[in-house]
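Sharing a structure, written as structure tokens. Questions coming.
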Amino acid sequence: MPPPFLAHKLVSMLNQTYQSAVFSLSAFLAIALWLFLPALAYAAAQDTTQTEQPEVPPFDVYKMDFSFEGLDDLSVFVLSPKELNAATGHKILVYFVGGGQEAEFAQSSLGSEVAREALRRGYIFVSPAAPCYDCTFVAKGDQYFPKLFEILRETFPMAEDRFHLMGFSNGGRSSFHLATRHPEWVASITAYPGYLRGNQFELLENLNETCVVMYVGKQDRGFAERHRDLVRRLKKLKRPVHEKIYIGEGHNIDPLWTQEGAKQLMDGIDQGWGCPE
């Protein structure tokens, strides 16, 4: 049987004048279906004797819109535990989607396996959408960060001082772009795949307190060689990195999109893979 995903009353989050929380019932139902349907499909495809999927705890989903002076508004999609613990706080995973990082893909990431796994572990899962196709966080992230980090820290109870960044393709590149420029805000990078854009390798020296995890498919011609080069440069700088090249996989690295793959991605954060001593 699939886990009992329930619809919960949505939280309207009030903050400073620069921030407003926006949510519609149709958007919530869409996210709830994204969270529910994969589990239903999984259960239908499995033999009844196999282990059931782990239950997902009660959750809230919502969209938040932030205004930045002189810039387009920025939308952020959030999946969080229903009851936030102000005393202990929560780790925050900032997840960057690939491609043009459009809002529909950022929203759909809330239904991904890695989002559900992060929720099970008590994380707040946050996926920002690029304001326009030509202003992805790879190219224009510095216009919105680290200000967005500051806003998120003021909005949510945090268990740590820094954020965990994760992303696929352009999302992995976004993670490297922001972490190398604002390492004081970033505890870890997980890129599957991803690399540092623009050959500004001197910025890698800034990752002396940031964990780095990298995955790439061997058949991914656009990313595999850049992955290898970046790993070599990190090791030359004596920066630890946990990396794996998947034989027979291309750009998507299919094993990482499964439930077990999501556990691996989150284990990398929780177990401190690729972290400085």
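The values are calculated or read from the model by the stated rules, or taken from the named source; none is laboratory data. It should be emphasised that the depicted structure is a prediction, and the values quoted were computed from it without experimental measurement. Every residue, glycine as well, gets a Cβ built from its backbone with ideal geometry; the counts of neighbours run over all protein chains shown.
Would you call Arg120 among the charged types (D, E, K, R) and surrounded by fewer than 22 Cβ atoms within 10 Å (Cβ to Cβ)?
Numbers: among the charged types (D, E, K, R): yes; surrounded by fewer than 22 Cβ atoms within 10 Å (Cβ to Cβ): yes.
So Arg120 passes the test.
Let me ask something else about it. Scan Ala103, Ala139, Ala115 and give me the residue that is within 21 Å of Val186 (Cα to Cα) and either over 13 Å from the mean Cα position of the chain (by Cα) or of a type in the set (S, T, N, Q) (or both). Give the derivation first.
Working: Ala103 fails: within 21 Å of Val186 (Cα to Cα); Ala115 fails: either over 13 Å from the mean Cα position of the chain (by Cα) or of a type in the set (S, T, N, Q) (or both).
Unique residue meeting the criteria: Ala139.
Suppose we filter Val126, Val138, Val186, Val114 for residues that are free of Cβ contacts under 8 Å to residues at least 40 places away in the same chain and either buried (at least 22 other Cβ atoms within 10 Å of the Cβ) or more than 24 Å from Gly272 (Cα to Cα) (or both); which single one remains?
Values: Val126 fails: free of Cβ contacts under 8 Å to residues at least 40 places away in the same chain; Val138 fails: free of Cβ contacts under 8 Å to residues at least 40 places away in the same chain; Val114 fails: free of Cβ contacts under 8 Å to residues at least 40 places away in the same chain.
Selected residue: Val186, the only one of Val126, Val138, Val186, Val114 that is free of Cβ contacts under 8 Å to residues at least 40 places away in the same chain and either buried (at least 22 other Cβ atoms within 10 Å of the Cβ) or more than 24 Å from Gly272 (Cα to Cα) (or both).
Just to be sure before I move on: is Ala21 more than 27 Å from Ser175 (Cα to Cα), surrounded by 15 or more Cβ atoms within 10 Å (Cβ to Cβ), modelled with pLDDT under 50 and out of contact with any His (no Cβ under 7 Å at 6 or more places or on another chain) in the structure I sent?
Spelling it out, it is not the case that Ala21 is more than 27 Å from Ser175 (Cα to Cα), surrounded by 15 or more Cβ atoms within 10 Å (Cβ to Cβ), modelled with pLDDT under 50 and out of contact with any His (no Cβ under 7 Å at 6 or more places or on another chain).
Can you find, within region 255-270, the residue that is farthest from Glu113 (Cα to Cα) among those that are of a type in the set (D, E, K, R) and either outside any helix (DSSP H, G or I) or without any contact (Cβ under 8 Å) to a residue 40 or more places away in the chain (or both)?
From region 255-270, those of a type in the set (D, E, K, R) are 260, 263, 267, 270; that's our starting set.
Next cut, either outside any helix (DSSP H, G or I) or without any contact (Cβ under 8 Å) to a residue 40 or more places away in the chain (or both) only: 260, 267.
Numbers: Glu260: 9, Asp267: 13 Å.
Applying the filter and picking the extreme gives Asp267.
If you take the residues of region 213-254 that are in a helix (DSSP H, G or I) and within 23 Å of the chain's Cα centre (by Cα), which of them is surrounded by the fewest Cβ atoms within 10 Å (Cβ to Cβ)?
Start the filter on region 213-254 by keeping residues that are in a helix (DSSP H, G or I), which leaves 224-236, 254.
Then keep just the ones that are within 23 Å of the chain's Cα centre (by Cα); that gives 224, 226-228, 230-231, 234, 254.
Details: Ala224: 20, Arg226: 18, His227: 23, Arg228: 15, Leu230: 23, Val231: 19, Leu234: 20, Asp254: 12.
The qualifying residue surrounded by the fewest Cβ atoms within 10 Å (Cβ to Cβ) is Asp254.
Also: Within region 255-277, take every residue that is of a type in the set (Gly, Ala, Ser) and crowded, with 20+ Cβ neighbours inside 10 Å and give me the one that is farthest from the chain's Cα centre (by Cα). Don't jump to the end; show me each part of the working.
Let us first name the residues in region 255-277 that are of a type in the set (Gly, Ala, Ser), namely 261-262, 268, 272, 274.
Imposing the further condition that a residue be crowded, with 20+ Cβ neighbours inside 10 Å reduces the set to 268, 274.
Working: Gly268: 13, Gly274: 17 Å.
Residue satisfying both the conditions and the ranking: Gly274.
For region 95-108, name all the residues that are hydroxyl-bearing (Ser, Thr, Tyr) and buried (at least 22 other Cβ atoms within 10 Å of the Cβ). Talk me through it step by step, then tell me what you get.
Pass one, region 95-108, residues hydroxyl-bearing (Ser, Thr, Tyr): 95, 108.
Passing the criteria: only Tyr95.
Any residue at all in region 126-146 that's within 20 Å of Gln264 (Cβ to Cβ) and not aliphatic (A, V, I, L, M)?
Step one: list which residues in region 126-146 are within 20 Å of Gln264 (Cβ to Cβ), which gives 127.
Filter once more, keeping what is not aliphatic (A, V, I, L, M): 127.
Scanning region 126-146, I find at least one residue that is within 20 Å of Gln264 (Cβ to Cβ) and not aliphatic (A, V, I, L, M), so the answer is yes.
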